[in-house]
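First comes the structure, then the notes that go with it.
The values are calculated or read from the model by the stated rules, or taken from the named source; none is laboratory data. Here the structure is a predicted model, which is why all the values come from computation and not from measurement. Here Cβ is always computed from backbone atoms with ideal geometry, including for glycine, and neighbour counts include all displayed protein chains. To get the accessible areas, we keep the full protein, side chains included, count just its heavy atoms, and leave off ligands, DNA and RNA. Shrake-Rupley method; radii C 1.70, N 1.55, O 1.52, S 1.80 Å.
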Amino acid sequence: MDPDHPLRKRIGELSRRDQATLFLCIITLPLAIALLQALLFLVIIPAEIPPDLVWLSYGNPTVSGMFLSSYFHSITDLRHLYANYAATLIVMTLIAVMFVIVMPAYGITIPRRFVNRSFLSFFLVLPFWIAAVSLYFHPVFPEARWAVGFSGIVAALLGFAFLLILRVTYTVMLRNRCAGRETVFTLIVGALFIAIVPSWIMLSEIGGTVNVFAHIAGYSFGLLVPALLGLRE
């Protein structure tokens, strides 16, 4: 890489504060999932709190279950839990690198309000949307009794990360005076790829044990809601 390349220069200029921010962005969410799962094992199950209050029950949905089902995992499906940990680490690493390294390297700033509103929508509003979509599509997998797992929110974070990448690509191309047909074509192709390919991959899992519709609901939410919030900034 060219020594004067913006990314290389930015990496060389990272302060201890930047490094700490990068580290905290990556580990905070997986650590929170681990703590919530420990709460399930150590408090909720021993206290015999009804599962309907914690997980989304298709037979008896509750408001608390609709919200908390996106944060707790089945105690009998460790593979699902580990997969969520890995996916969360990967996606949060991508988001952190975009915010701490890539965007500052190109002088791209995003209002703090936009970031705060986006993440609040992921963690406070999205769980209810995922639950509503899961309940609506439950007839597709009638044998399922519960819906649990963080993967819907991870899918939203992935959509958000792709949105940031699209923003950086657009800004860099304009600064390099690539405006014109090439820029428009590249952005259209990139937007179509981001909108279609991940959803197509998710849809290919229909028929298995994965709640495909929760993933698609989360992914589309992560793409569209931050984009709409950004229009107001």
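Summary of values
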{"read-out": "Residues being of a type outside the set (Phe, Trp, Tyr) and not in a helix (DSSP H, G or I) - total across the stretch 83-126", "value": "5"}
{"read-out": "Gly12, sole failed condition from (1) in contact with a Pro (Cβ under 8 Å, 6 or more places away or on another chain); (2) modelled with pLDDT under 95", "value": "(1)"}
{"read-out": "Selection count where residues are open to solvent by less than 50 Å² (accessible area, probe 1.4 Å) and in a helix (DSSP H, G or I), scope the stretch 49-63", "value": "1"}
{"read-out": "Out of Ile188, Ile194, sole residue that is surrounded by 16 or more Cβ atoms within 10 Å (Cβ to Cβ) and assigned to a helix (DSSP H, G or I)", "value": "Ile194"}
{"read-out": "Complete set of residues in the stretch 6-30 that are among the aliphatic types (A, V, I, L, M) and either within 16 Å of the chain's Cα centre (by Cα) or part of a helix (DSSP H, G or I) (or both)", "value": "Leu7, Ile11, Ala20, Leu22, Leu24, Ile26, Ile27, Leu29"}
{"read-out": "All positions within the stretch 64-83 that are open to solvent by less than 20 Å² (accessible area, probe 1.4 Å) and either closer than 17 Å to Phe160 by Cβ or more than 19 Å from the chain's Cα centre (by Cα) (or both)", "value": "Gly65, Ser70"}
{"read-out": "Any pair with Cβ under 9 angstrom, 6 or more apart, that starts in the stretch 185-205 at a residue that is more than 16 Å from Ser220 (Cβ to Cβ) and at pLDDT below 85 and ends at one that is assigned to a loop (DSSP other than H, G, I, E, B) and open to solvent by less than 90 Å² (accessible area, probe 1.4 Å)", "value": "Thr186/Cys178"}
{"read-out": "Hey, Ile33 touching a residue at least 12 places away in the same chain (Cβ under 8 Å), in contact with a Ser or Thr (Cβ under 7 Å, 6 or more places away or on another chain), in a loop (DSSP other than H, G, I, E, B) and surrounded by 15 or more Cβ atoms within 10 Å (Cβ to Cβ) or not", "value": "no"}
{"read-out": "In the stretch 167-183, residue modelled with the lowest pLDDT [restricted to those that are open to solvent by less than 40 Å² (accessible area, probe 1.4 Å) and among the β-branched types (Val, Ile, Thr)]", "value": "Thr183"}
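Each row is one residue, and each column tells you yes or no for (1) closer than 18 Å to Phe72 by Cβ; (2) open to solvent by less than 60 Å² (accessible area, probe 1.4 Å).
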site: Ile130; (1), (2): yes, yes
site: Pro139; (1), (2): no, no
site: Val148; (1), (2): yes, yes
site: Leu158; (1), (2): no, yes
site: Ala161; (1), (2): no, yes
site: Ile165; (1), (2): no, yes
